[in-house]
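Participant: Got a structure for you, questions after.
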């Protein structure tokens, strides 16, 4: 494919107009001859020259030079070769079909641009164009029309929040087109969706020539997240290869409250596991793949998703001495993996219950209790009305109470013993889980036998639901709705005294079913009622719907109501989004666990046309080659001049050529070897002698100041202290090993490119391993570290924030008067540099012992980060003669001395840590030793 | 070179002389070192006369001063008294001349020294040698012939003090039977040289011409586009292909030399060529040979440089 040539600086081509003038000058200026003083010149006079002395440059030399200049001008105009974007070649009718499901959303603009380019091309060629979008809900006309009309229709196409229904379109194709009649451009989505093969076959049938245009951009998708005990598990799928991918979570207001990342395997499958307290987890409303704008990269969360907090209260307990005999041990074990369990240390049952209600428990399991105090009963009732689920287990205490407001049914007094020595009834097995109850999906265990149970009054059962019953029909689990909440009663104990149900797997399933169907407690009172309690005929109404890009928005005014949301698939009628039915929210997501996410592979679905990439191939710069050609011509010109003046001998030419070849070869071969050697030398130097190090910013002036400054400080240190540092080491933080250095000076250059997150991760590791970085914004204290929202920060301070955005920065404070830094070598109260008005900030030394486990506090009490704005290096900088390079402001010799002392203290602090802080105890220790 | 503009020549020659004066001490040392290796024998006249070397005893003739009698010899003879006679040792007058024109101040890469330096060294060495040999050494028009071992120093002083030294010696003071040694490149017009030689021949002097030549002048190793400049006249000759001129140049050079040699032979002068890439002692030996009467005629010293082009 032949591309088009484009100039990035086309106005430079105007210089080509000067070429004729240059030609004239060159033509009239012959090459300068060699001048030789030669005494017998007299003998040469009038000798017949073999060819006439030319007064002009030979034409071919002029040509070489003109070509050289022309090449230079062309190279400066920066020509680039843009690859041809023309996709269609024929002149018959054209059929443009674009996939506009959510899988095409991240690069939909590129797709539209490609379609537009093709349509414009067709318009110029006057070709009739048929246009279709696969995910459009309305079956539009497939009749060929003008390109302009197709372009208008294209402009209205948006990515849809569901996968395209290609099969429906495929059916219409054969009616709309004759076989082999059109040229097809299929701008394909990223996913197959299961109907790719059908569609490809339909297109093959009608296409005389076809091309499928596919994006090479990997598409990241999110499966429904799982709410596990150890955190939120977000399964991520990405087409293409592995790598890491970032996941973010948002709350109801759209605030980002969670971030994590998943490492994908070679198939592009991975799980982001994010540890999170239950309270914050419940605030999550939306999870999204960072940087991926498609509905498939978003998971909306509703009430079903929220992790319930289950409070456990036992009236009488074994006091913790025998944990396996605790009444709620089995409940604890059963719910532990899936729920957050709350317990209370309160001495009495009523206090414990109140505490759990306060702590937002949505389910409270209660056992070994009979009648509760009236105020507790009232509080619990209010809580149940607000949506709480009270889970009670039978016990001897309960068997003594018959009427209780907190029981689903009225009980008969006493319990029923089965299979005992005085009973002729056999122990009963579980008979059935009625279909109306939440246990319907659970297999009835055959090995569970109940030896003892409490019995409900038969007439009371009319007002309650029976979720499980024994073979003889007596209820095992009963429940009753109260307000928005409900009360569930197990007619056996929570431990294996009365039955072996707690030992069975069914017990776990039953408890989980209760927890899952339990509603959240709605404090405002409106309530998120359990679905079972609602009238099933009320339709679901969309509240907010996703668009194809994964953004939530208001639904269409005429949005359809949905009767059966649970079995709905994302489609035009039921777009993904939040649906509401009487306050109960349901989130329909674009990607469910069952959604097929296989990528669309043209070769695998029988596509017979060509394939092309959506990504425009990168521009190929030509100008480097022009420069190379110009350099070659320059060399040729030099040789020609040498030849003309007779100084070119064969030996000289051979030597030159071999030298050039050798130089090129050497440069090519030695690059890698040099780098390794440099690393080794650097490591050797850094380990042989303590070095101060500075970060190379790329700004020559700043780097030179850093070098001169650290040189000055090194000399000062050698003069005044026991430390004799080596020459300062320049460091490229992205490449060089940092582990050798204790203190790195990092001047901030506002024009510096912000280091990559990988680089800053290295810096973070360095800091956590005990290294100290001295950031110098050099802006005389214009920065304010806490003042994040103020617009008054200097460019240096803003750059520092950008740099530190990826670093775990501990809390900072200006150096307090009792900080070790003020006593590490000299006694200092301030830390001036070239300027004197900036504070020096260090990691906050709080006396709070609990805060000791700060992330960046891995070292021996040395602040991993020191920030100043005083331009320390400029104050330290000396030239080769030992003269100051910069004046201090104000110009005060004492300030410069103080600047050096500050430097000494910082170096001593970074090398010795809190040694000086311990030193203050020496007199006391000596005194104690003397006794 | 009669046709050159005087001003240019004068300027160039003053310059040359000044530079030469600065180099003279070195050249003098070099000349003495060379001369130390070459001994000029005192040439006897084969006649009794004033001298140091014994020649013969002869019988005393009455009337002669009595102190001339050799008493020791006379004592062995009882009849005669004898007189000791010595061989007559006369010192010769040797005129030396070196061409200090600008064209002599040329050195190519093939040579280690310039023609001028070589000519001066040869002259001073010759003067040193002759001075030690008891000859009267002088420069025509600049230094009168004197006996003395300091001849080289004397001539060097003369050279250093004289700003303008002509290309050709003044021949007025040169008498019969004197020797004249001329060191030059003889690049002037052939007819001019012929006139000068004829003039010298009229003086009856015994003339030795030594052409001091640079190997590059002999071989013409130049190629390509070259602008040749005559250092005396600043005359410029531009050629596109110097290599193509080599054959013609060789022919012209040979013809020029042939004519100079022919004139010299006709006048009875000896003529030799000395190349600056050869040792100076070689030239000195030839000069000594001439002055001792061992060698006569025209001789080329040094090799004739090949015509192969080499990097200049």
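What follows is calculated from the coordinates using simple rules that are stated; it is not laboratory data. This structure is a prediction, so every number in the text was calculated from the model and none was measured. So basically every Cβ, Gly included, is an ideal-geometry build from the backbone, and we count neighbours across all protein chains shown.
Participant: Between region A:464-509 and region B:77-110, how many Å separate their Cα centres?
Facilitator: 150
Participant: Name the shape class, rounded, prolate or oblate, that the alpha-carbon gyration tensor gives for region A:538-588, where a ≥ b ≥ c are the square roots of its eigenvalues, rounded holds for a/c under 1.5, and otherwise prolate holds if a/b is larger than b/c and oblate otherwise.
Facilitator: Prolate, because a/c is 1.5 or more and a/b exceeds b/c.
Participant: Could you calculate the contour length gain from residue A:410 to residue A:594, that is, 0.36 nm times the residue separation minus the distance between their Cα atoms, to one decimal place in nm?
Facilitator: 61.8 nm
Participant: Another question about this same structure. Taking Cα centroids, how far is region B:229-249 from region A:361-399 in Å?
Facilitator: 124
Participant: First check a/c for region A:67-180, with a ≥ b ≥ c the square roots of the eigenvalues of its C-alpha gyration tensor; if it is under 1.5, answer rounded, and if not, answer prolate when a/b is larger than b/c or oblate otherwise.
Facilitator: The shape class here is prolate.
Participant: While we're looking at this one, here's another question. Taking Cα atoms of region A:309-517, Rg/Rh with Kirkwood Rh, to two decimals?
Facilitator: My calculation of the ratio gives 0.93.
Participant: Quick check: residue separation of residue B:147 and residue B:201 times 0.36 nm, minus the Cα distance between them. What number comes out in nm?
Facilitator: Once the chain is fully extended between residue B:147 and residue B:201, it gains 16.9 nm.
Participant: Taking a ≥ b ≥ c as the square roots of the Cα gyration tensor eigenvalues, with a/c under 1.5 meaning rounded and otherwise prolate when a/b beats b/c, else oblate, which class fits region A:430-476?
Facilitator: Cα axes put region A:430-476 in the oblate bin.
Participant: What FRET efficiency comes out for residue B:67 versus residue B:292 if R0 is 25 angstrom and r is the Cβ-Cβ distance? Round to the nearest 0.05.
Facilitator: According to the calculation, E is roughly 0.10.
Participant: Return B:290, A:498 ranked ascending by Cβ neighbour count within 10 Å, so the fewest neighbours appear first.
Facilitator: Lowest count first: B:290, A:498.
Participant: Distance in nm between label sites at residue A:687 and residue A:497, each 7 Å beyond Cα in the beta-carbon direction?
Facilitator: Those two pseudo-labels are separated by 6.9 nm.
Participant: Once both labels are modelled 7 Å past Cα along the beta-carbon direction, what's the residue A:818-residue B:234 spacing in nm?
Facilitator: 9.2
Participant: Right, another one. Sort B:262, A:711 so that the residue with the fewest other Cβ atoms within 10 Å of its own Cβ comes first and the one with the most comes last.
Facilitator: The most exposed by this proxy come first: B:262, A:711.
Participant: Between residue B:91 and residue B:172, what's the calculated FRET efficiency when r is the beta-carbon distance and R0 is 22 Å? Round to 0.05.
Facilitator: 0.50
Participant: Determine, from the Cβ-Cβ distance of residue A:125 and residue A:4 and an R0 of 22 Å, the FRET efficiency 1/(1 + (r/R0)^6), rounded to the nearest 0.05.
Facilitator: Efficiency, rounded to the nearest 0.05: 0.80.
Participant: To continue, here is another question. Once you have the Cα-Cα distance between residue A:929 and residue A:654, take 0.36 nm times their residue separation minus that, and quote the gain in nm to one decimal.
Facilitator: 90.5 nm
Participant: What is the packing order of peptides A:891-901, A:71-81, taking the mean over residues of other C-beta atoms within 10 Å and listing the highest first?
Facilitator: Result, highest mean first: A:71-81, A:891-901.
Participant: Give me Rg over Rh for region A:220-305, both radii from the alpha carbons and Rh done the Kirkwood way, two decimal places.
Facilitator: 0.95
Participant: Would you list B:191, B:223, A:685 from fewest to most Cβ contacts within 10 Å?
Facilitator: Ascending Cβ contact count within 10 Å gives the list B:191, A:685, B:223.
Participant: Report, in whole Å, the centroid distance computed from the Cα atoms of region A:162-212 and region A:872-931.
Facilitator: Value for the Cα centre distance between the two parts: 76 Å.
Participant: Could you work out the mean count of beta carbons from other protein chains within 10 Å of each residue's beta carbon in A:564-571?
Facilitator: Other-chain Cβ atoms within 10 Å of each residue's Cβ, averaged: 0.
Participant: Which distance in nm do the two modelled labels at residue A:573 and residue A:801 give, with both placed 7 Å along the Cα-to-Cβ direction?
Facilitator: Roughly 5.1 nm, to one decimal.
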